[in-house]
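The next block holds one structure in the form of structure tokens; read it before the comments.
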Amino acid sequence: MKFGKYSHIKRLFGIYFGILFLFLILRPFLIPKSFGKFGHYRANSIDENINLNTKYADIKDCKECHEKEYNDVASFSHKNLNCQICHGALSNHVENPDEFKPNIISDRKFCLLCHAEIEARPSSFKQIDEKKHFKDEECTSCHPSHSPNLK
Amino acid sequence: MKRREFIKSLFAFFLTPIFKNEIISNLIISTFKYGKDKFGMVIDISKCIGCGRCVSACKEENDVPEVPFYFRTWIERYLIFEDGEVYVESPNGGMDGFKRLNPPKKIAKSFFIPKLCNQCEEPPCVQVCPVGATYETDDGVVLIDKKYCIGCGYCVQACPYGARYFHPKTQTPDKCTFCYHRIKKGLLPVCVTICPQNARIFGKIDDPESPVYKYIKNYPLQVLKPHLRTHPKVYYKDMDMEVR
Amino acid sequence: MEYHHLYDALKNIQGFIYPNEIELRWSILIVLYPYITGLVAGAFILASLEKVFEIKEVKPTYRLSLLTSLAFLISAPIPLLFHITYPLRGFEIFLTPHLSSAMAVFGFVYIWYLMAILIIEIWLEYRKDIIEWSKRKKGIKGIIYKILTLGVDEINEEIENFDAKFGKIVAIIGIPSAILLHGYVGFIFGSVKANPWWSSVIMPIIFLFSAMVSGIALVIFVYMILNYLKGKRLEISCLDTMAKYLLYAIIIDFSLEMLDLLQRIYEAEEFFDMLQVLIKGKLFISLFILQIIIGAILPILFLGYIQIFNASDSAKKFTYFVVSLMVLIGIFATRWNIVIGGQLFSKSLRGLTIYKLELIGREGIYVSFGLILLPFIILAFLIWLLPSEEKK
């Protein structure tokens, strides 16, 4: 017998521990660098989440160039509205005013999104019965968007 | 005698702390404790008109696919009829507004409930992620690491609020991040900015100057599913008992 | 992006669901995974009956149970790799396991069970034969045997005794390991507080006992088919014993499942109303017909009759074969009810979504059939390499 009583077990466990060793040595190279800095996650992912494009601008950027329109709106009921509700996302326009022109949405269907009388809307909010109130007219013919209050 | 003394002292050792008042009053902690230096949001239900502008703006800002299956935020409409039946709907998440239903029964109560990720302070979604691809930042926002995620979907199962969805393009889960890319630059989340009624209020929970703090201090507020002890950081003012 | 099936789903939801719940993520592949690991644990427990508890009657199936366990263990991660969207990142579970997640424990429990228990036990059992075959057989088989000896090509009685003792220790450690392997899968579901159908203390226990039931049934099934294909005689005492343990296991498993259901009905928490709609509607066939009647009640009646009143050998063989098939189907239905049923529930507690099983595609029926056949193909290869006849 050229083998001892435990030779086969020794060889098996040798192989097992060899694999374990290899794994433990390779592991630090395979884990992403910033992992574990703040917690059990890849710290670089925080910056990846911050460095995304913003598409909606801040309303004070609108005021900078469009002070007249801004003050116009401020004197009527739409004064608390963000310009971008009707004019779309404006980050591009703020960066590049000539290349990106804002939308102007003012059709009846859009106004009704807020102002149609539907169930669950608080009664203190101004709403109209869309089937009855001038149902074939554009809202803006009597209620201009920036100055919607009737004289 | 000696054995009786011993047993008495054992009882005293283990049971005394439970009956000290200071421990009992601390067992269920309040938002003032877990909200330290964290972002939070208050939603004022009495103001929401269900126009859906927040849903639409969020989808545009955050590249959420414009199909009725994936939402970072959405609006639910509750109709509570006089006979006690409750009807809830959320057509396309409320993005195109809601229709006039003219139901045959009389309505006793009705309201809109905007929903989004509650940015829980003890998020079950983070607890179950097997690799560490979702986490909570130091300022209280739960984010997803899309480059590390393996796509197992366990976090989507674990969220009690249905806030997570599987993004078809990145093939990882996605959810509301309180517009982290905006709030870290001093802006507000898009849903907060765009709301025509200012029904969403955003800020740091424990900063006395912040409107969120003022709401928490002055009004009774509720959270969704408090019994699950996730410590949500989205608070609802004037939320009805039928809301789940 | 193909949203066709989601638009269809939108028309078929009942009640109100959160908008994001329209897509059911854990598909039939995630039903297969607990099913297969359950078969692994169950087949191993049957093997342990002989090795640890020294129940001599099941010796003819000892080697077969071990090989079955190995074949299914190798196939177990494959449904998972098909399911996750970045399988190449799957290795992250080993690099940075998030230990608060039950799923992260998977990789390590799997490796432990594979390497420290199953491979060692099979190797020790077959070592004497492998050494002999490595000297006699030629060709590719001979090469494989030579590798399997790890170079140690001699054996004597002293070493054989040592192997037997060491094997017994491994088998003893193997029982809690097999319990852990499948129990944690139950915990993966049972610990999700967000889902009222899943969240339950008894979930790991139910998973465990249904695993034992399915594992024993599988070995009966494979044993009968294998001997039929080889034209060999079946040891009726072995079959009788296995059937006896199968009966005990089914009774315990069925009692636990019914206890869980009864308690939910009695406590009638908020999700109870939707639960009624679910089990009377979408889940009726898979719960009442497949899981309860075909998977539990009929097998109990048939096996119980044989235990009490006895029967002829051929009647017994026929019954055992049919019952094992029924049980295998019933336990699959159990897994389906838990995995798919739990996701049909909306967390709003006001509605139910739908699950459409595709035919083709990565998570479709064809792939699932293939994944169920795969372990049998691996088993066939293992039996070719390491014949499962009893040790001389």
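Sort all Cα-Cα distances of the protein assembly as shown into consecutive 10 angstrom bins from zero, then give the percent of pairs in each bin up to the one containing the longest distance.
Values per bin, smallest distances first: 2, 11, 19, 20, 17, 13, 9, 5, 3, 1, 0, 0.
Per-residue Cβ counts within 10 Å, from other chains only, averaged over A:20-29: what number is that?
Counting Cβ atoms of other protein chains within 10 Å of each residue's Cβ and averaging gives 1.
After finding the eigenvalues of the alpha carbon gyration tensor for the range C:271-359, what semi-axes result from the square roots of 5 times each, listed largest first in whole Å?
Whole-Å semi-axes of the equivalent ellipsoid: 35, 13, 7.
Ranked from highest to lowest mean number of other Cβ atoms within 10 Å per residue, what is the order of the peptides B:32-42, A:56-66, C:238-248?
Final packing ranking: C:238-248, B:32-42, A:56-66.
Report, largest value first, the span of the C-alpha coordinates of the range A:59-141 along each principal axis, in whole Å.
42, 24, 23
So what are the radius of gyration and Dmax for the Cα set of the range C:209-336, in Å?
16.6, 57
Excluding ligands, DNA and RNA, what is the accessible area buried between chains C and B, summed over both sides, using a 1.4 Å probe, to the nearest 100 Å²?
4000
Using only Cα atoms, locate the centre of the range B:94-157 and the centre of the range B:172-244, then give the distance between them in Å, rounded to an integer.
The range B:94-157 and the range B:172-244 have Cα centres spaced 13 Å from each other.
So if the hydrodynamic radius of the range B:108-244 is defined as the Kirkwood radius over C-alpha pairs, what does Stokes-Einstein give as its diffusion coefficient at 10 °C and 1.306 mPa s, in µm² per second?
In µm²/s, the coefficient rounds to 98.
Using the Karplus curve 6.51 cos²θ - 1.76 cosθ + 1.60 with θ = phi - 60°, work out ³J(HN,Hα) for each residue of the range A:93-110 in order, rounded to whole Hz, and write x for Gly and Pro.
5, 5, 5, 9, x, 7, 6, 10, 9, x, 6, 10, 9, 8, 7, 4, 4, 6
What residues have an amide H closer than 5 Å to that of C:GLY351, excluding those fewer than 5 places away on the same chain, when H is modeled at 1.01 Å from N in the peptide plane?
C:PHE16, C:SER346
Evaluate E = 1/(1 + (r/R0)^6) for C:SER255 and C:LEU373, where r is the Cβ-Cβ distance and R0 equals 41 Å; express this FRET efficiency to the nearest 0.05.
0.80
Ordered by residue, what ³J(HN,Hα) values in Hz, to whole numbers, does the range B:147-164 give under the Karplus form 6.51 cos²θ - 1.76 cosθ + 1.60, where θ = phi - 60° and Gly and Pro are x?
7, 9, 5, 9, x, 6, x, 5, 5, 5, 5, 7, 6, x, 10, x, 7, 9
May I ask you to give the solvent-accessible area per residue for the protein assembly as shown, in square angstrom, as obtained with a 1.4 angstrom probe?
That works out to 48 Å² per residue.
Hey, which lysines would be in cross-link range of A:LYS63, C-alpha to C-alpha under 17 Å, not counting anything within fewer than 8 residues on its own chain?
Of all the lysines, those that pass the test against A:LYS63 - Cα under 17 Å, at least 8 places apart if same chain - are A:LYS79, A:LYS101.
Measure off 7 Å from each Cα along the Cα-to-Cβ vector at B:ARG100 and A:LYS63, then give the distance between these two points in nanometres to one decimal.
In this crude spin-label approximation the distance works out to 3.8 nm.
Between B:TYR213, B:TYR148, B:TYR165, which gets the highest mean-square fluctuation from a Gaussian network model of chain B, Cα cutoff 10 Å?
B:TYR148
Label-point separation (nm) for A:PHE13 and C:ASP129, each offset 7 Å from Cα along Cα-to-Cβ?
Label-label distance for A:PHE13 and C:ASP129, simple model: 2.7 nm.
Got a number for carbon plus sulfur as a percent of the range C:154-208's accessible area, 1.4 Å probe?
Carbon and sulfur together cover 70 percent of it.
How large, in percent, is the carbon and sulfur part of the accessible surface of chain A at a probe radius of 1.4 Å?
57
Given the options C:GLU23, C:GLU92, C:GLU157, which has the most mean-square fluctuation in a GNM of chain C, springs set between C-alpha atoms less than 10 angstrom apart?
Greatest mean-square fluctuation among the candidates belongs to C:GLU157.
Could you give me the percent of Cα pairs per 10 Å distance bin for chain A, shortest bin first, beginning at zero and ending with the bin that holds the maximum distance?
Histogramming chain A at 10 Å steps yields 8, 21, 18, 12, 10, 8, 7, 7, 5, 3, 1, 0 percent.
May I ask you to derive the relative contact order of the range A:59-141, considering only C-alpha pairs under 8 Å and at least 6 residues apart, and to give it as an integer percent?
It rounds to 21 percent for the range A:59-141.
Where a Cα-Cα gap under 15 Å defines reach, which aspartates and glutamates qualify for A:LYS126, not counting those fewer than 8 residues away within the same chain?
A:GLU117
Going by accessible area, probe 1.4 Å, with all protein chains left in place, what is the ranking of A:LYS68, A:LYS5, largest first?
Order by accessible area, largest first: A:LYS68, A:LYS5.
Quick one: plug the Kirkwood hydrodynamic radius of the range B:61-163 (C-alpha pairs) into Stokes-Einstein at 4 °C, 1.567 mPa s, and report D in µm²/s.
Approximately 80 µm²/s, per Stokes-Einstein.
Cβ neighbours within 10 Å, averaged per peptide: list C:307-319, A:112-124, B:114-126, C:216-228 in order, most packed at the top.
Final packing ranking: B:114-126, C:216-228, A:112-124, C:307-319.
If you average the alpha carbon positions of the range C:93-153 and of the range A:96-151, how far apart do those two centres end up, in angstrom?
So the two Cα centres are separated by 73 Å.
Would you mind working out the magnitude of the charge dipole of chain B relative to its Cα centre, with +1 at each Lys and Arg C-beta and -1 at each Asp and Glu C-beta, to the nearest 20 Debye?
Around 520 debye, computed over chain B.
Peptide C:120-126: average number of partner chain Cβ atoms within 10 Å per residue?
Per residue, the average neighbour count from other chains is 1.
Rounded to the nearest 0.05, what FRET efficiency is calculated for C:GLU160 and A:LEU22 with R0 set to 22 Å and r the Cβ-Cβ distance?
About 0.10, to the nearest 0.05.
Counting protein heavy atoms only and a 1.4 angstrom probe, how many square angstrom of accessible surface do chains C and A bury in total, to the nearest 100?
2100
So for chain C, considering every pair of alpha-carbon atoms, how many percent are separated by more than 38 Å?
Tail fraction, whole percent: 23.
Within a 10 angstrom radius of each residue's Cβ in C:140-153, how many Cβ atoms of other chains show up on average? Whole number is fine.
Going residue by residue through C:140-153 and averaging, the value is 2.
Do you know which residues of the range A:84-103 lose at least 40 square angstrom of accessible area in the protein assembly compared with their chain on its own, with a 1.4 angstrom probe?
Hits at the 40 Å² cut-off: A:ILE85.
Looking at the P(r) of chain B, how many percent of alpha-carbon pairs lie beyond 33 Å?
So the portion of pairs separated by more than 33 Å is 27 percent.
Under the Kirkwood approximation applied to all pairs of distinct alpha-carbon atoms, what is the hydrodynamic radius of the range C:79-209 in Å?
For the range C:79-209, inverting the mean 1/r across all distinct Cα pairs yields 17.8 Å.
What distance in nm separates the simple spin-label points at C:ILE225 and C:ILE111, each placed 7 Å from Cα in the Cβ direction?
Each label point lies 7 Å from its Cα, and together they span 3.3 nm.
For the range B:7-128, what number of Lys pairs, 8 or more residues apart or on separate chains, have alpha-carbon atoms under 27 Å from each other?
20
Report, in whole Å, the centroid distance computed from the Cα atoms of the range C:326-385 and the range A:29-57.
Between the Cα centre of the range C:326-385 and that of the range A:29-57, the gap is 36 Å.
Using a 10 angstrom cutoff on alpha carbons, build the Gaussian network for chain C and name the most mobile of C:ILE169, C:ILE140, C:ILE119.
In the Gaussian network model the winner is C:ILE140.
Considering Cα pairs under 8 angstrom that are at least six residues apart, work out the relative contact order of chain B and quote it in whole percent.
Relative contact order for chain B comes out at 26 percent.
Using only the alpha-carbon atoms, how far is helix C:28-51 inclined from the longest principal axis of chain C? Give it as 0 to 90 degrees, nearest 10.
The helix C:28-51 is inclined about 40 degrees to chain C.
Rounded to the nearest 0.05, what FRET efficiency do B:ILE28 and C:HIS4 give with R0 = 41 Å and r taken as the Cβ-Cβ distance? Could you check?
According to the calculation, E is roughly 0.30.
Only helical DSSP H runs with n ≥ 4 go in: add -39500 (n - 2.57) per run for the protein assembly as shown, normalise by residue count and round the 222 nm mean residue ellipticity to 500 deg cm²/dmol.
Helix-only estimate at 222 nm: -15500 deg cm²/dmol.
Among A:74-85, B:80-91, what's the highest-first ranking by average C-beta atoms within 10 angstrom per residue?
A:74-85, B:80-91
Given H placed on each backbone N at 1.01 Å, which residues far from A:PHE38 in sequence or on other chains put an amide H within less than 5 Å of it?
HN-HN under 5 Å from A:PHE38: A:ALA43.
Could you pull out every one of the lysines with an alpha carbon less than 19 Å from that of C:LYS168, ignoring same-chain neighbours closer than 8 positions?
Reachable lysines: A:LYS5, A:LYS10, C:LYS51, C:LYS56, C:LYS59, C:LYS128, C:LYS391, C:LYS392.
Output wanted: per-residue J couplings in Hz (rounded whole) for the range A:113-122, from phi through Karplus 6.51 cos²θ - 1.76 cosθ + 1.60, θ = phi - 60°, x for Gly and Pro.
So the J values, rounded to whole Hz, are 3, 9, 9, 6, 7, 9, 5, 5, 6, x.
If amide H atoms are built 1.01 Å from N in the plane of the peptide, which residues on other chains or at least 5 residues away come under 5 Å of the amide H of B:THR172?
Amide H neighbours of B:THR172: B:HIS167.
Can you give me the relative contact order of the range C:251-392 as a percent, contacts being Cα pairs under 8 Å and 6 or more apart?
Relative contact order of the range C:251-392: 23 percent.
The values are calculated or read from the model by the stated rules, or taken from the named source; none is laboratory data. Note that the structure is predicted; figures quoted are calculated from it, not measured. Every residue, glycine among them, receives a Cβ derived from its backbone with ideal geometry; neighbour counts consider all protein chains shown. Ligands, DNA and RNA are stripped out before the accessible areas are found, and what is left, the full protein with its side chains, is counted by its heavy atoms. Shrake-Rupley method; radii C 1.70, N 1.55, O 1.52, S 1.80 Å.
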